[in-house]
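> The structure follows.
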Amino acid sequence: MYKILIVEDDFGIANAIKLQAETWNFNVKIVENFNDVLTEFSEFQPHIVLMDISLPFYDGYYWCKKIRDISNVPIIFISSATDKMNIIMTINMGADDFISKPFDINVLIAKIQALLRRTYDFTSKNSILEHKGAFLNTENNTLTFNEEKLELTKNDYKILLCLMTNKGKVVSRDDLMEQLWETDVFIDENTLTVNVNRLRKKLGSIGLNNFISTKHGIGYIIK
């Protein structure tokens with residue numbers, strides 16, 4: 001089931017879209033906290049976003065850029081601000097389409113379906129893991145925090161993926177080593193320590209100090 005995130009503060013419009021989309025078997029969420037759209041985005045993991053331009057706190061351009069920093073998920077702007085400059089700006093910010101208000105909801109649904117087919121015919125679902133404002137993109141092996149982006153090595157990525165997937169739980173050293181090397185050949189435990197310490201330095205360089213905690217004699221945890 002495809003998931004649609006609606007970032008629209010006119011709840012009459014948002015609920016009308018939601019009602020119609022659900023008849024087409026879409027899973028739909030309307031953003032509630034317009035001061036922290038990115039967290040709702042990462043928690044819901046939508047396949048497509050519908051975005052208004054005029055929003056409380058920050059406008060749609062701002063949130064489009066924030067989403068584009070961590071994901072290539074399709075974004076359709078729906079707005080009554082239909083002058084040429086606004087349309088150009090939405091496309092330049094990374095939007096995939098622009099629909100003017102008022103609009104025919106059936107036309108909107110058709111556009112959503114077409115964009116989903118083009119996007120996901122040959123790709124897997126969008127996948128972003130988030131913790132304390134850090135976003136791990138499993139499509140391109142990058143970590144973003146406060147607009148800083150880290151390009152991760154294969155081992156960096158595997159360590160973060162394992163720990164963030166199990167955040168709040170201790171991951172044993174043996175389990176991490178199995179994830180990293182996937183081999184029966186003996187690997188010195190110091191090799192894991194070196195990899196984790198190297199990753200910690202990278203995280204610290206973008207302000208993520210103490211992101212990974214050590215449980216001595218057991219393993220590591222992201223709290």
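Nothing in this text is a laboratory measurement; each read-out follows from the coordinates by a stated rule. Bear in mind the structure is a predicted one, so any value in this text is a computation, not a measurement. Neighbour counts are summed over all protein chains in view; Cβ atoms, including those assigned to glycine, are modelled from backbone coordinates with ideal geometry.
> Given (1) buried (at least 18 other Cβ atoms within 10 Å of the Cβ); (2) touching a Ser or Thr at 6+ places or on another chain (Cβ under 9 Å), where does PHE211 come up short, assuming only one miss?
It fails just one condition, (2).
> Test VAL73 against the stated conditions and say whether it is hydrophobic (A, V, I, L, M, F, W, C) and within 22 Å of VAL107 (Cα to Cα).
Here the answer is yes, as VAL73 does meet what is asked.
> So ILE88 fits all but one of (1) over 19 Å from the mean Cα position of the chain (by Cα); (2) farther than 18 Å from VAL31 by Cβ; (3) assigned to a loop (DSSP other than H, G, I, E, B); what number is the exception?
The one condition ILE88 does not meet is (3).
> Could I ask something else about it? Looking at (1) surrounded by 18 or more Cβ atoms within 10 Å (Cβ to Cβ); (2) hydrophobic (A, V, I, L, M, F, W, C); (3) out of contact with any helix residue (DSSP H, G or I) (no Cβ under 7 Å at 6 or more places or on another chain), can you tell me which one ILE128 breaks?
Every listed condition holds for ILE128 apart from (3).
> If I go through region 8-49 residue by residue, how many of them are of a type outside the set (D, E, K, R), touching a helix residue (DSSP H, G or I) at 6+ places or on another chain (Cβ under 7 Å) and not in a helix (DSSP H, G or I)?
Residues that pass the stated criteria total 8.
> Which number in (1) under 16 Å from the mean Cα position of the chain (by Cα); (2) assigned to a loop (DSSP other than H, G, I, E, B); (3) among the β-branched types (Val, Ile, Thr) marks the one condition that ILE4 misses?
(2)
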